[in-house]
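Comments concern the structure below.
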Amino acid sequence: MSEVIKVGMADLNVCKAPDVITTLGLGSCIGLVFYDPVSKVGGMVHYMLPDSTKVRNNSNIAKFADTGIDELLRRVIAAGANKGRLIAKIAGGARNAEAAKAKLKQLGIRLVAEDTGLNYGRTVELHCDTGEFYIKSVGKPLKII
C-alpha cells in the first residue's frame with residue numbers, strides 16, 4: 001500500500017517507491033522534485049522565494065530556492081539517492097523558476113521537465129515508483145511530465 005506524503009508551503013520531504021509525495025496550491029511558488037530512477041528515491045521542496053540572502057530572518061530553509069534545494073539534495077542522498085543519477089522537475093510560478101534553473105546548473109543536476117509560468121494554481125505529485133510528476137490544475141486536464 002503506498003502512502004501519500006504531504007509537503008506544505010515552505011516545506012520539503014523525501015519519499016521512496018511505492019509512495020507519492022505531493023504539495024497543494026502552487027501559485028507563484030515552485031515545487032521542485034529530485035528523483036533517482038534506480039533507487040526510486042525522490043524528494044520535493046515547495047519554496048516561495050528565490051534567494052535567502054535577500055532576507056534578514058531566514059530561519060526556514062525550505063522557504064527559499066537556494067537553501068531549500070541544497071537541503072533537499074542532502075536529504076535525498078541520505079535516503080539512498082545517487083547524485084549522479086538524479087533528475088529534477090519543476091512546476092509553478094515563473095519568477096521563481098529561474099532560481100531553480102540557476103541552482104540546478106550550479107549543482108550539475110539535469111532539469112528534464114517543467115510546467116511553469118502563467119497565472120493558475122497547480123497541485124503536484126511525484127510518483128516514486130515511476131518518477132512521473134503529475135500536475136493538476138482546476139479546469140485543466142491532468143498533465144504528466
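Just from its helices, what would the mean residue ellipticity at 222 nm be for the chain, if runs of 4 or more DSSP H residues each count -39500 (n - 2.57) and the sum is divided by every residue, rounded to the nearest 500 deg cm²/dmol?
Working: 2 runs with 28 residues, N = 145.
About -6000 deg cm²/dmol.
First select every other residue whose beta carbon is under 11 angstrom from the beta carbon of Lys103; then total the charges, Lys and Arg +1, Asp and Glu -1. Display every interim value, and only then the final one.
Details: positive: Lys101, Lys105; negative: Asp51, Asp66, Asp70, Glu98.
Neighbour charge sum, excluding Lys103 itself: -2.
Once you sort the root eigenvalues of the Cα gyration tensor of region 64-145 as a ≥ b ≥ c, which label holds: rounded (a/c under 1.5), prolate (a/b larger than b/c) or oblate (the other case)?
Working: a/c = 2.21, a/b = 1.40, b/c = 1.58.
Oblate is the answer for region 64-145, as a/c is 1.5 or above yet b/c matches or exceeds a/b.
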field: Cα-Cα over 29 Å, subset of Lys16/Lys101; Lys54/Lys143; Lys40/Lys103; Lys54/Lys140; Lys16/Lys54; Lys6/Lys40
entry: Lys54/Lys143; Lys54/Lys140; Lys16/Lys54
- prompt: What nm value, rounded to one decimal, do you get for the distance between Asn57 and Leu142 when each label is placed 7 Å out toward the C-beta?
  reply: 4.1
- line: Scalar couplings 3J(HN,Hα) for region 80-97 by Karplus 6.51 cos²θ - 1.76 cosθ + 1.60 (θ = phi - 60°), nearest whole Hz, x for Gly and Pro, are x, 7, 10, 4, x, 9, 5, 10, 10, 9, 9, 8, x, x, 5, 4, 6, 5
- request: Compute the relative contact order of region 1-97 as a whole-number percentage, counting only Cα pairs closer than 8 Å that sit 6 or more residues apart in sequence.
  value: 32
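What is the local net charge at Ser2, summed over the other residues whose Cβ is closer than 9 Å to its Cβ (Lys, Arg +1; Asp, Glu -1)? Present the calculation step by step, with values, prior to reporting the outcome.
Values: positive: none; negative: Glu3, Asp19, Asp129.
Counting the neighbours of Ser2, the net charge comes to -3.
Quick one: ranking Thr53, Thr23, Thr116 by accessible area, 1.4 Å probe, largest first, what do you get?
On the way: Thr53 110, Thr23 0, Thr116 40 Å².
Largest accessible area first, the list is Thr53, Thr116, Thr23.
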- prompt: For log10 I(q)/I(0) by the Debye sum over Cα atoms at q = 0.09, 0.12 Å⁻¹, which listed value, (1) -0.22, -0.41; (2) -0.34, -0.52; (3) -0.27, -0.48, comes from the coordinates shown?
  reply: (1)
- line: For Arg75 the rounded accessible area (nearest 10 Å², probe 1.4 Å, non-protein molecules ignored) is 90
- prompt: For the pair Leu111 and Ser2, how long in nm is the line joining their label points, each one 7 Å along Cα→Cβ?
  reply: 2.6
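The values are calculated or read from the model by the stated rules, or taken from the named source; none is laboratory data. Predicted model only: the values in this text are computed from it and were never measured. Using ideal geometry, Cβ is built from the backbone for each residue, glycine included, and neighbour counts are taken over all protein chains shown. Remember, those area values only see protein heavy atoms, side chains included, never the ligands or the DNA or RNA. Shrake-Rupley method; radii C 1.70, N 1.55, O 1.52, S 1.80 Å.
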